[in-house]
Structures are given as C-alpha cells and as structure tokens.
Amino acid sequence: IILVQELSDEVVPVIRNAQHLFELRDMGLRLAQWSKMSSLGGLVGGVTHKLDNPLTSLTIGLRGHRREVGHVLEVLDAYEGLGDSILEMLEEDPELLERAPGLKGVVEQLGSIREKQRERASKGKPPVADSLEGYFAAAKRGLDSMADVVSRLRVYSRTDQFGELDEIDLKDGFEAGVDVNEVVRRTLEHLDIEGTQRRHRIEVETRFNHEAPRIRCNPRLLGDVIANLVSNAVDAVVERLGGESFEPEVRVETNVIDDGIEIKVIDNGVGIRPEHLFTVFDPFFSTKPEGKGAGLGLSIAQANVRAHGGWIKAHSDGKGATFTILLPVKRP
C-alpha cells in the first residue's frame, strides 16, 4: 500500500502536467486558428471593399445595356414590319419600284437580313433577340454569383474570440420542400469543368435515391458545397491521370439514412494522406500547388453544411476519396 501511495504521489503530478500540456497545445491551436481567421477578416475587408464598387458599376451598366439593346430590337422589329408592308405593296404594284427607286435599297437590306436569319436557323442557332437575352441572363447570373461570394466572404471572415466561424446571416435564403437530387443535378449542369472533363474523358456519374424526402435548406449554399467537392474530385482524378493509366471515376450519390439525407462525392483520384484527413477542413489548408487554391473551399463547405444542422466528413484509403454529407430531414 505504501509503495502504491508513493507511486501515486509521483504519477499523479505527471498526469496533471500532461493534461496541462494538452490544454496548452489546444489553446495554442485555437489561438493560431483565431490569428488566421483574423488575418482573413482584414484581407477580406479590403478585398470586398475594392470589389463592391466595380460590381455595382457592372450590374448597373449591364442593366442599362440590356434596356438599350431592348430599344434597338424594338426598332428592328418595327423596321421588319415596315419591310413586310413594302413587300406586300410591291406584290400588289410591281411598278412601285420605278416610281420610288429609293425603295430598292430597302428591299435589298431586308433580303440580306432575312438571308442571315435563315442561315442562323439552318445552323440551329436561335434568333438574335433570344441569343442576346441569353447572354445578358448569363452575365447577370455571373455578377449575382460574384456579389453573393463577396457577401458570404464577409460572413465567413467574422470570428469570435476562439476563432469559430460565425454563421449569422447563413440562414437567409433557406427554402422549404427542396429536392436535394434536383440541387445536385442543377449544380452539375452549371459546373465549369466541361473542358477538363472532355480533355481527360472524365464522366461525373450520379446515383440518386428518388425516395429521398424534400428538406428545408438553402439551395445555393448546398449547391456551392457540391460544386466544391466535385471540382476537387475531378482535380484529384486529373492529378492521378498525370502519373498512371486507369479508368477515372467521379460519382455523386444520394441516400436516405434514418432521419437524414446522405450525399456522397466519390472519386478514385490521388486520395488524401492519413495525416491530412484531420486537417482538410481547416481554413488555409491545401495540398494543391501555390496559386491553385486558397485552402478555404472545404472550410466554407463545412460551415455551409453546419448551417443546415448537418455534418461532413472525409474518408480515404490512399487511392481515391469519399466526402459524405448528412443533412437532417427536420431541422432541430
């Protein structure tokens, strides 16, 4: 008993010291995280300030150009209507051109315009007015997306005294009855990786559980998460293709798990090293070459998933990676 007591007197202080060391280590990690996020806050504050005015100018300018082009199209429609009337008059009175020779140039211009319209149609192209409307709509979506990124960067840059991401304002834009399968489908349709896919013959496969219930979520935030994970998966496959020959695979699955919906993004790329599985969601962590990423994508994805009351985790066995998202059907 005396021996046990003496050993206890020696061991207990060692254990306590070890506990203090672990506490100090955790505190150091949290302070480092806070420092990183504070630096990000200052950086984002300056960047967003610089971007706000150009984005506003572009948005206002685009709106003005769209209005002016609308006026031009109205004039062209009126011109075509006038041309139709002139042609009808010429059919009724073929000698009209002799009495009004100036009409000849108008008729020739109308013929040229209609020939170009027929040529566009033969190539499967829509009318000019529809094409312009599509261009303006695409430009507006791009500007709206940029403005949304700037807005959310402000939110993500806010930190409390322990460096945790502040999720205020993230719940704006939540909708009831959202079909997760449809969010995935639309995200993949608009994902800007088609060039990479064609060059490397990569197909993004989908396996939907069509029994998945609709949920309350923010489709844009969820779409951003999926877009980030799929883009990373394609990058991982392309990186592996640079060193060996294999059949590339990128897949997105949806499943129903208990009272939640599971989304998996699976690839057979280079995988994630075991020591990185615990840090992939840390801000500024990245294994990509310098200039290829800021290391914020997965940390922002994690914040988006948490804003939905869900969680996200990564798994890798060295060849390929699987990112799993679980979203609750009912918000707590």
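The values are calculated or read from the model by the stated rules, or taken from the named source; none is laboratory data. Bear in mind the structure is a predicted one, so any value in this text is a computation, not a measurement. Note that we place each Cβ from the backbone using ideal geometry, even for glycine, and neighbour counts take in every protein chain shown.
Considering each of T206, T159 in turn, give the residue that is hydroxyl-bearing (S, T, Y) and modelled with pLDDT under 65. I'd like the intermediate steps shown before the answer.
On the way: T206 fails: modelled with pLDDT under 65.
The match here is T159.
Go through the range 110-129 and give me each residue that's surrounded by 11 or more Cβ atoms within 10 Å (Cβ to Cβ) and outside any helix (DSSP H, G or I).
Once the filter is applied, which keeps residues that are surrounded by 11 or more Cβ atoms within 10 Å (Cβ to Cβ) and outside any helix (DSSP H, G or I), the range 110-129 yields K125, P126, P127.
Being under 16 Å from S316 (Cα atoms), hydrophobic (A, V, I, L, M, F, W, C) and buried (at least 17 other Cβ atoms within 10 Å of the Cβ) narrows it down to one of V265, V238, so name that one.
Details: V238 fails: under 16 Å from S316 (Cα atoms).
Among V265, V238, only V265 is under 16 Å from S316 (Cα atoms), hydrophobic (A, V, I, L, M, F, W, C) and buried (at least 17 other Cβ atoms within 10 Å of the Cβ).
I'd like to check something: does the range 302-310 contain any residue that is of a type in the set (S, T, N, Q), touching a residue at least 12 places away in the same chain (Cβ under 8 Å) and assigned to a helix (DSSP H, G or I)?
Going residue by residue through the range 302-310, those that are of a type in the set (S, T, N, Q) are 302, 304.
Cutting the leftovers down to touching a residue at least 12 places away in the same chain (Cβ under 8 Å) gives us 302, 304.
Checking which are assigned to a helix (DSSP H, G or I) leaves us with 302, 304.
Checking the range 302-310: at least one residue is of a type in the set (S, T, N, Q), touching a residue at least 12 places away in the same chain (Cβ under 8 Å) and assigned to a helix (DSSP H, G or I).
Give all pairs with beta carbons closer than 6 Å in which a residue from the range 270-289 that is surrounded by 14 or more Cβ atoms within 10 Å (Cβ to Cβ) meets a residue that is among the acidic types (D, E) and at pLDDT 75 or above; count only pairs at least 6 apart in sequence or on separate chains.
Close Cβ pairs (under 6 Å, with a partner that is among the acidic types (D, E) and at pLDDT 75 or above) amount to V270/E239.
Residues are listed down the side, and each one gets a yes or a no for (1) in a helix (DSSP H, G or I); (2) free of Cβ contacts under 8 Å to residues at least 24 places away in the same chain:
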residue: T59; (1), (2): yes, no
residue: G70; (1), (2): yes, yes
residue: L73; (1), (2): yes, no
residue: E91; (1), (2): yes, yes
residue: P101; (1), (2): no, yes
residue: G105; (1), (2): yes, yes
residue: E108; (1), (2): yes, yes
